[in-house]
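One structure is given here, and the rest of the page talks about it.
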């Protein structure tokens, strides 16, 4: 179970404090797929980072009773000066996994070939995305946090990702943030909509979609 | 478990060790790479510094008011400076290049600092030992009179460097002025650090002034350990420990505050 109780997040900017998230409540049970819809800048990525624990809320509590992934966004969570392979090793060390038997999988899935041994900063956006996704699949979690995963890559790569994530790991919980209602509708049991820092939750995706169209679309 | 909410202390310790280990490897790879002598630069670089200074001081016959063997004087002095002075330099601005790694919940600012500080301490220590062993074996230096005292002095200097590094590294996330001021400050502190002179050689008033600097006590103690009764050392380790403790508390407090605000990118 993941439970967010009365979460607030404020950032200090040059023109004062900005209230990005305002009294957010959300709970996700094992195996549940929850979508969060919102326009650019609605606070979706902030929410995901808070759930992952990479950032801390200004107020409120987050309980994580299952293992939660880092925010799977294409491109992030890497050190640009390191090679793809060294990034894989870094992440395996951090999560206490053995990297050596994962290399073949990452090599094959990312289709990076010899570029796996080049620094990540030399990669194109598409190459980074493929590496990010491949490495994300190396460590298993009870709940995956997915941030705009549809943004990069071609159709064939999307299909590969879909199979890995939603078929092979269909029993896991997922929290998926997106501004694309179609994507959320395809994969989620229920959804919430973020509008100017407040969250509106719905029991089914269609209601959330209607609300999103009306208030945010 | 990676994601559980309240791991036990033992699990936290295991996670911490894994993360710092991973960051150590990351630092070694990005700093030294796999080219030429690779991570050996970790202690070859400080060795080159110390060797250079030793050569200069030998040529200038500069034991700065003492009749101690010049090589041992330079090696003990300059190694001490490198130990504490490089640590803040490595921690200031260390958060930014690691921000993307902080997407992983267990990678915290303290881990980044810890990895860099451990590396710095290891490099300076290996360099000191290697030079000491080398010069002793060719007869340019005598072995230390009291090696335990040398070690205590060394650890105290490392503590000072680490505490200062954590404080400045954290403050730098608040204001980049820290980085601007550290370079001149580090440069100006060298002549005040006690590395290039013995406190006993100074006039009385200068002694009182210089002993406000905590690192002077560490170097004096270390040198007493090295040279024994042939020098008259001036130190107060309790003063130095109190100073370091205060610095540590301040550093950790500021670090805690900035850790809450760090935004992974």
Quiz item: Would you call residue B:254 within 18 Å of residue B:88 (Cβ to Cβ), without any contact (Cβ under 8 Å) to a residue 12 or more places away in the chain and either more than 14 Å from chain A (Cβ to nearest Cβ) or not in a helix (DSSP H, G or I) (or both)?
Solution: no
Quiz item: Which residues, counting only those in segment A:134-145, are more than 13 Å from chain B (Cβ to nearest Cβ) and either more than 20 Å from residue A:173 (Cβ to Cβ) or buried (at least 24 other Cβ atoms within 10 Å of the Cβ) (or both)?
Solution: A:134
Exercise. Tell me, please, whether a residue that is surrounded by fewer than 17 Cβ atoms within 10 Å (Cβ to Cβ), in contact with a helix residue (DSSP H, G or I) (Cβ under 7 Å, 6 or more places away or on another chain) and in contact (Cβ under 8 Å) with a residue 12 or more places away in the chain can be found in segment B:193-214.
Key: yes
Quiz item: For segment B:148-184, which residues satisfy the criterion of being exposed (fewer than 14 other Cβ atoms within 10 Å of the Cβ) and either within 18 Å of the chain's Cα centre (by Cα) or within 16 Å of residue B:94 (Cβ to Cβ) (or both)?
Solution: B:174, B:175, B:176, B:183, B:184
Exercise. Restrict the check to segment A:110-119 and report whether at least one residue is within 11 Å of chain B (Cβ to nearest Cβ) and within 19 Å of residue B:22 (Cα to Cα).
Key: yes
Quiz item: Consider residue B:202 against the criteria (1) closer than 17 Å to residue B:82 by Cβ; (2) at pLDDT below 95: it satisfies all of them except one. Which criterion is unmet?
Solution: (1)
Exercise. Determine which single condition residue A:96 fails, assuming it passes every other condition in (1) part of a helix (DSSP H, G or I); (2) surrounded by fewer than 22 Cβ atoms within 10 Å (Cβ to Cβ).
Key: (1)
Self-check item: Per-region count, segment A:187-214, residues loosely packed, with under 14 Cβ neighbours inside 10 Å and either under 16 Å from residue A:72 (Cβ atoms) or at pLDDT below 90 (or both)
Solution: 3
Self-check item: Subset of segment B:75-104 [closer than 30 Å to residue B:130 by Cβ, touching a helix residue (DSSP H, G or I) at 6+ places or on another chain (Cβ under 6 Å) and within 14 Å of chain A (Cβ to nearest Cβ)]
Solution: B:94, B:98
Quiz item: In this structure, does residue B:12 turn out to be at pLDDT below 90, at the interface with chain A (Cβ under 10 Å from one of its Cβ atoms) and either closer than 16 Å to residue A:87 by Cβ or out of contact with any strand residue (DSSP E or B) (no Cβ under 7 Å at 6 or more places or on another chain) (or both)?
Solution: no
Quiz item: Does segment B:220-232 contain any residue that is at pLDDT below 95, crowded, with 16+ Cβ neighbours inside 10 Å and within 14 Å of another protein chain (Cβ to nearest Cβ)?
Solution: no
Exercise. Check whether at least one residue in segment A:155-174 is in contact (Cβ under 8 Å) with a residue 60 or more places away in the chain, in a helix (DSSP H, G or I) and in contact with a helix residue (DSSP H, G or I) (Cβ under 6 Å, 6 or more places away or on another chain), and report yes or no.
Key: no
Quiz prompt | Residues being outside any strand (DSSP E or B) and either at the interface with chain B (Cβ under 7 Å from one of its Cβ atoms) or within 21 Å of the chain's Cα centre (by Cα) (or both) - total across segment A:59-88 | solution = 17
Self-check item: Residue selected from segment B:21-45 under the condition surrounded by 19 or more Cβ atoms within 10 Å (Cβ to Cβ) and closer than 21 Å to residue B:106 by Cα, by the criterion nearest to the other protein chains (Cβ to nearest Cβ)
Solution: B:22
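The values are calculated or read from the model by the stated rules, or taken from the named source; none is laboratory data. Computed from a predicted structure; not experimentally measured. Counting neighbours? That spans all protein chains shown, and the Cβs are built from the backbone with ideal geometry, glycine included.
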